[in-house]
Amino acid sequence: MTLETGLPGLVAGRWTVDPAHSEITFTIRHLMTTVRGSFTDFSGEIEVAREAPASTARADIRMASIDTRNAERDAHVRSADFLDVERFPVMTFTSRGVGRAAIGRRARAPRYHVDGDLAIKGVSRPVRLLAEYHGVSPDPWGGIRAGFTATAVISRGDFGIEFNLPLQGDKVVLGDTIAIQLEIQAVLAA
């Protein structure tokens, strides 16, 4: 059954994130440039309800899978200075609500706010994702897929990730703001 929210083709049910065709990326300021990275090991589910606000989503991201294209930097980010992946191996996101976004009215795709809780290093904070729905399509393997993009900005300090190196004046090596982008393909459960 199609959702009453006007999302063509999206049917109520459980949709499983396909990690082979999805990605979780981020950017952070380092000195005067931006460093990009990704997490390569994650899973998730979206439970689409007949009424969009009742829909839910959950994601588990294995922190040791961080990849910034520099092995030495990745090892440092996995350490207790940053993510402490030995003690906190998984970052989780659990949604609490979905609502139509008032911004992006001229966007090609409908936009929604997905409010939820992000837990990193044992600290849980509310996070609002701005999500776009890109439609539904059959895949070559007999399944049905839906596409989504979602973005958020978080403060690493809010999660107790405080490591930094001071520079001359009041400057530091790393920025506090992390921009997150999700490109998600989800498959409708049979």
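Worth pointing out:
- Helix-only arithmetic for the chain: the sum of -39500 (n - 2.57) across DSSP H runs with n ≥ 4, divided by the residue total, places the mean residue ellipticity at 222 nm at -1000 deg cm²/dmol.
- Euclidean distance of C-alpha centroids, the stretch 45-122 and the stretch 154-173, integer Å: 21 Å
- Among Thr33, Thr177, Thr25: highest mean-square fluctuation, GNM of the chain, C-alpha pairs under 10 Å: Thr33
- With DNA, RNA and ligands ignored, accessible area of His76 (1.4 Å probe; Å², nearest 10): 70 Å²
- Ligands, DNA and RNA are left out, and with a 1.4 angstrom probe the accessible area of the chain is 57 Å² per residue.
The values are calculated or read from the model by the stated rules, or taken from the named source; none is laboratory data. Bear in mind the structure is a predicted one, so any value in this text is a computation, not a measurement. Just the protein is used for accessible areas: all its heavy atoms, side chains included, with ligands, DNA and RNA removed. Shrake-Rupley method; radii C 1.70, N 1.55, O 1.52, S 1.80 Å.
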